[in-house]
Amino acid sequence: MAPNILVFDSGLGGLTVYREIVKARPDANYVYVADDAFFPYGAHEQDALIARVVPLMGELIAAHKPDLIVIACNTASVQALAALRERYKVPFVGTVPAIKPACAASRTKRISVLGTKATVAREYTRVLIREFAGDCAVDLIGSGQLAGIAEAELAGKPAPDADIAAELAPCFVDKDSRRTDAIVLACTHYPLLLRRLIALAPWPVDWIDPAPAIARRVVDLLGRAESSRGTTEAVFTSGRLPLPHVARELTR
C-alpha cells in the first residue's frame, strides 16, 4: 500500500523538497501544507514558532493521517523539530543545513551557510559546525529578505538584481588565502532563486541544496516506489488558493 506523506513548510519553499521526494516515491499520496498565514517563519522567536507549529501539526495529523512527515523548512526544523518528535509518534524527516557534505567537498576549506536569520542564529547550527566542519572555515549569513523574494519570484514578481545581490554578497569571502567555494542553501526557498543566484555570484561556487538528501532519507524510511501513481493535495493555512502554475505542479 502506498504511503501518505505530509510535506510541511511556511510557504512555497518546500516545493524544492517535494519535487525531489516525488521523483523518488511517485507512488505516494502527498499533502503539501504551506503555513503561509504565519510566513515568514524566520521573523518569529523560537517560542512563538513552537507554539504555532506543534498544535497545528496535531490538527494536520488528525486530518490527514500521514505515515511520514517531512519538515521542508530549515527554520522550523532547527527550532521546532525536537518538540514535534517529543509530542507525536509519526516519523519526521527534518531539513538542516548541509554543513557536513559542503565541508567535505570544499577544496578551499571555506564555505558559507546562507539561511534565515533564525536558522543561522540557532545553537543547533553551531553544533553542526563544531561536529562536522573540521578545518573548514564556515561563514554564517542570515538573510531577512530572500525567502520573501523567492515567494514573489514564484508569483511572477521578480525582485531587482541589486536586491538579491545585496543579500548574497556577504556569502563570498576571500580571507586568509581561502576563498568561498561552496554555499549551503539553508532555506528551502532559496533554490527557487538558484538561476539568479548563479548569475549574480561574483565567482563560481558549488550550491548545496539539501533536497536530494531528504528524498534519499524518505526512501530509507519507507522503501522504494511501487508501480502505482499517487496524488497530491495542497493546503494553505491562509485559505488562499495556490497560483495556477503552482496548482498544476501539485496536481498529479
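Within the group ASP35, ASP67, which residue is charged (D, E, K, R), touching a residue at least 60 places away in the same chain (Cβ under 8 Å), in the same structural domain as GLU233 (by TED's automatic domain parsing) and in contact with a Ser or Thr (Cβ under 7 Å, 6 or more places away or on another chain)?
Criteria check complete, one pass: ASP35.
Within segment 43-54, is there a residue that is in a loop (DSSP other than H, G, I, E, B) and either outside the structural domain of CYS187 (by TED's automatic domain parsing) or in contact with a Gly (Cβ under 8 Å, 6 or more places away or on another chain) (or both)? Write out each step before concluding.
Keep residues of segment 43-54 that are in a loop (DSSP other than H, G, I, E, B), which gives 44-45.
Narrowing the set further to residues that are either outside the structural domain of CYS187 (by TED's automatic domain parsing) or in contact with a Gly (Cβ under 8 Å, 6 or more places away or on another chain) (or both) leaves 44-45.
Checked segment 43-54: at least one residue is in a loop (DSSP other than H, G, I, E, B) and either outside the structural domain of CYS187 (by TED's automatic domain parsing) or in contact with a Gly (Cβ under 8 Å, 6 or more places away or on another chain) (or both).
Any residue in segment 81-96 that is touching a residue at least 12 places away in the same chain (Cβ under 8 Å) sitting within a Cβ distance under 7 Å of a residue that is part of a loop (DSSP other than H, G, I, E, B)? List the pairs, counting only those 6 or more apart or interchain.
Listed pairs, sorted by first residue: LEU81/GLY94; VAL90/PRO66; THR95/ALA72; THR95/CYS73; THR95/THR188; THR95/PRO210.
Of (1) free of Cβ contacts under 8 Å to residues at least 40 places away in the same chain; (2) under 23 Å from THR116 (Cα atoms), ALA247 satisfies all except one. Which?
Status for ALA247: all satisfied but (2).
I'd like the residue in segment 110-142 that is outside any helix (DSSP H, G or I) and surrounded by fewer than 16 Cβ atoms within 10 Å (Cβ to Cβ) and, out of all such residues, is farthest from the chain's Cα centre (by Cα).
Among those that are outside any helix (DSSP H, G or I) and surrounded by fewer than 16 Cβ atoms within 10 Å (Cβ to Cβ), it is ASP135.
Given (1) over 26 Å from ILE71 (Cα atoms); (2) surrounded by 14 or more Cβ atoms within 10 Å (Cβ to Cβ), where does ASP176 come up short, assuming only one miss?
Result: ASP176 fails condition (2) only.
Could you check HIS64 against (1) in contact with a strand residue (DSSP E or B) (Cβ under 8 Å, 6 or more places away or on another chain); (2) farther than 21 Å from VAL246 by Cβ; (3) surrounded by fewer than 19 Cβ atoms within 10 Å (Cβ to Cβ) and say which number it fails?
Against the list (1) in contact with a strand residue (DSSP E or B) (Cβ under 8 Å, 6 or more places away or on another chain); (2) farther than 21 Å from VAL246 by Cβ; (3) surrounded by fewer than 19 Cβ atoms within 10 Å (Cβ to Cβ), HIS64 comes up short only on (2).
In segment 82-100, what count of residues is obtained for those that are assigned to a helix (DSSP H, G or I), surrounded by 16 or more Cβ atoms within 10 Å (Cβ to Cβ) and not hydrophobic (A, V, I, L, M, F, W, C)?
The total comes to 1.
If you go through segment 187-209 one residue at a time, do you hit one that is touching a Leu at 6+ places or on another chain (Cβ under 9 Å), of a type in the set (S, T, N, Q) and surrounded by fewer than 20 Cβ atoms within 10 Å (Cβ to Cβ)?
Checked against the condition, which is being touching a Leu at 6+ places or on another chain (Cβ under 9 Å), of a type in the set (S, T, N, Q) and surrounded by fewer than 20 Cβ atoms within 10 Å (Cβ to Cβ), segment 187-209 yields no hits at all.
Need the failing condition index for TYR124 against (1) of a type in the set (Ser, Thr, Tyr); (2) outside the structural domain of THR75 (by TED's automatic domain parsing); (3) at pLDDT 95 or above, just the number.
(3)
Would you please list the contacts, defined by Cβ atoms under 8 Å and residues six or more apart or on different chains, that run from a residue in segment 177-194 that is closer than 13 Å to GLU167 by Cβ to a residue that is surrounded by fewer than 24 Cβ atoms within 10 Å (Cβ to Cβ) and of a type in the set (D, E, K, R)?
That search, which allows pairs on different chains as well, returns ILE183/ASP206; LEU185/ASP209; HIS189/GLU151; LEU193/GLU153.
Which one is surrounded by the most Cβ atoms within 10 Å (Cβ to Cβ), of the residues in segment 1-42 that are acidic (Asp, Glu) and either assigned to a loop (DSSP other than H, G, I, E, B) or touching a helix residue (DSSP H, G or I) at 6+ places or on another chain (Cβ under 8 Å) (or both)? Walk me through it before giving the result.
Narrowing segment 1-42 to residues acidic (Asp, Glu): 9, 20, 27, 35-36.
Retained after the next criterion (residues that are either assigned to a loop (DSSP other than H, G, I, E, B) or touching a helix residue (DSSP H, G or I) at 6+ places or on another chain (Cβ under 8 Å) (or both)): 9, 20, 27, 35.
Details: ASP9: 29, GLU20: 21, ASP27: 16, ASP35: 24.
Of everything passing the filter in segment 1-42, ASP9 is surrounded by the most Cβ atoms within 10 Å (Cβ to Cβ).
Would you confirm whether any residue within segment 73-81 is outside any strand (DSSP E or B), within 19 Å of the chain's Cα centre (by Cα), surrounded by fewer than 22 Cβ atoms within 10 Å (Cβ to Cβ) and modelled with pLDDT of 95 or more? Steps first, answer last, please.
Start the filter on segment 73-81 by keeping residues that are outside any strand (DSSP E or B), which leaves 73-81.
Okay, now just the ones that are also within 19 Å of the chain's Cα centre (by Cα), so 73-81.
From what's left, surrounded by fewer than 22 Cβ atoms within 10 Å (Cβ to Cβ): 81.
From what is left, the residues that are modelled with pLDDT of 95 or more are 81.
Yes; the residues of segment 73-81 include at least one that is outside any strand (DSSP E or B), within 19 Å of the chain's Cα centre (by Cα), surrounded by fewer than 22 Cβ atoms within 10 Å (Cβ to Cβ) and modelled with pLDDT of 95 or more.
For the structure I just gave you, tell me whether LEU146 is surrounded by 20 or more Cβ atoms within 10 Å (Cβ to Cβ) and among the aliphatic types (A, V, I, L, M).
Criteria met by LEU146.
The values are calculated or read from the model by the stated rules, or taken from the named source; none is laboratory data. A quick note: this is a predicted structure, and the numbers were derived from the prediction, not measured. All Cβ positions, even for glycine, are placed from backbone atoms using ideal geometry, and neighbour counts span all protein chains on display.
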